[in-house]
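The values are calculated or read from the model by the stated rules, or taken from the named source; none is laboratory data. Please read all numbers here as calculations on a predicted model, not as lab measurements. FYI the Cβ positions are ideal-geometry reconstructions off the backbone, even for glycines, and counts take in every protein chain you see. SASA here: full protein model, heavy atoms, side chains in, ligands and nucleic acids out. Shrake-Rupley method; radii C 1.70, N 1.55, O 1.52, S 1.80 Å.
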Amino acid sequence: AERVAADLAKRGLGRGDCVAIMLPTSADFFLAFAGTLLAGATPVPIYPPFRADRIAEYAERQSAILANAGARMLITFREAERVAKLLKPRVPSLETVATATALIESTAPIPLGPQVHARAEDLALLQYTSGSTGHPKGVMLAHANLLANVRAIGEALALRSDDVGISWLPLYHDMGLIGAWLLPLYFGLPVVVLSPLAFLSRPARWLRAFHRYRGTVGAAPNFAYELAAAKISDEEIQDLDLTSWRAALNGAEPVLPATLD
């Protein structure tokens, strides 16, 4: 993450600059996000393209977000570089596109000084809404906002030093980003992270992760619990031990009593 930050600083990116992160769930995402924060810049996570046949539509939708954020840089993965080339002409502020791998392996020799340390009121994260009821809107979250949110969740859950988080939630949205990463990071807890696609293709993987890693805390939208109840077979949950799971959070969409039953 420090190498990423040093590379951003070398490019002249820092406080007040927005850096868009278009990466799937991966170690690269965590390093790019943390590196952007270390550089004093503001990460703007956006969801990566999933379908090759809808690239043009995807580029148009994301270009509106990037232009609205005034993003100066886009961090992505090698396979998405073609999409990035489509985005660049549509976003006047976008100066550079780089892969996360290039940044992580950077040898930029710039030491990080105290000038990049964030203040409570600095913009920590620009989180765009899903756009399901209109154009996506950027929600401005300061470091103080994120810390207050994380501390409140921790207090409500009475988090303990032996808690283990399990999550497949997408990292480009707040439930996964704040609830399933920044929360355990702040409290110093291990977290097991699965790809959203790994869960959707075989929901039993989610429960198996609780069993294997003795997970204690997990969150998901209502549909995930519904999918687990409907799609996981009896054979898949033979010998499954979920007694370690002490807090299951359900939110981000209507919570249905039938699902809970």
Next on the checklist: Among the residues that make up region 87-94, is at least one of them among the basic types (Lys, Arg), open to solvent by 10 Å² or more (accessible area, probe 1.4 Å), modelled with pLDDT of 75 or more and under 23 Å from residue 177 (Cβ atoms)?
Outcome noted: no
Item to check | Failed item, numbered, when residue 58 is tested on (1) closer than 29 Å to residue 145 by Cα; (2) touching a helix residue (DSSP H, G or I) at 6+ places or on another chain (Cβ under 9 Å); (3) at pLDDT below 90 | outcome: (1)
Item to check | Scope region 66-90; condition assigned to a loop (DSSP other than H, G, I, E, B) and either more than 17 Å from residue 48 (Cα to Cα) or free of Cβ contacts under 8 Å to residues at least 24 places away in the same chain (or both); matching residues | outcome: 70, 72
Checklist entry - Pairs under 6 Å by beta carbon, first residue without any contact (Cβ under 8 Å) to a residue 40 or more places away in the chain in region 13-40, partner part of a loop (DSSP other than H, G, I, E, B), six or more apart or different chains? => result 34/1
Next on the checklist: Let me spell it out: the conditions are (1) touching a helix residue (DSSP H, G or I) at 6+ places or on another chain (Cβ under 9 Å); (2) modelled with pLDDT of 95 or more; (3) farther than 22 Å from residue 23 by Cα, and residue 192 meets all of them except one. Which number is the exception?
Outcome noted: (3)
Checklist entry - (1) out of contact with any Ser or Thr (no Cβ under 7 Å at 6 or more places or on another chain); (2) modelled with pLDDT of 90 or more: which one isn't true of residue 50, the others all being true? => result (2)
Item to check | Pairs with Cβ under 7 Å, 6+ apart, first in region 139-154 and free of Cβ contacts under 8 Å to residues at least 60 places away in the same chain, second open to solvent by 50 Å² or more (accessible area, probe 1.4 Å) and not hydrophobic (A, V, I, L, M, F, W, C) | outcome: 139/129; 142/121; 144/121; 150/186
Next on the checklist: Which residue is least open to solvent (accessible area, probe 1.4 Å), if the candidates are limited to region 124-154 and must be in contact with a strand residue (DSSP E or B) (Cβ under 9 Å, 6 or more places away or on another chain) and assigned to a loop (DSSP other than H, G, I, E, B)?
Outcome noted: 136
Checklist outcome for this item: Just one listed residue, out of 224, 204, is within 20 Å of the chain's Cα centre (by Cα) and open to solvent by less than 30 Å² (accessible area, probe 1.4 Å), and it is 224
Item to check | Hits in region 207-220 - residues which are among the small types (Gly, Ala, Ser) and either open to solvent by less than 20 Å² (accessible area, probe 1.4 Å) or assigned to a loop (DSSP other than H, G, I, E, B) (or both) | outcome: 209, 215, 218, 220
Checklist entry - How many of the residues making up region 221-261 are outside any loop (DSSP other than H, G, I, E, B) and either under 16 Å from residue 164 (Cβ atoms) or of a type outside the set (A, V, I, L, M) (or both)? => result 13
Item to check | Hits in region 155-201 (condition: open to solvent by 50 Å² or more (accessible area, probe 1.4 Å), among the aliphatic types (A, V, I, L, M), in a helix (DSSP H, G or I) and farther than 22 Å from residue 29 by Cα) | outcome: 156
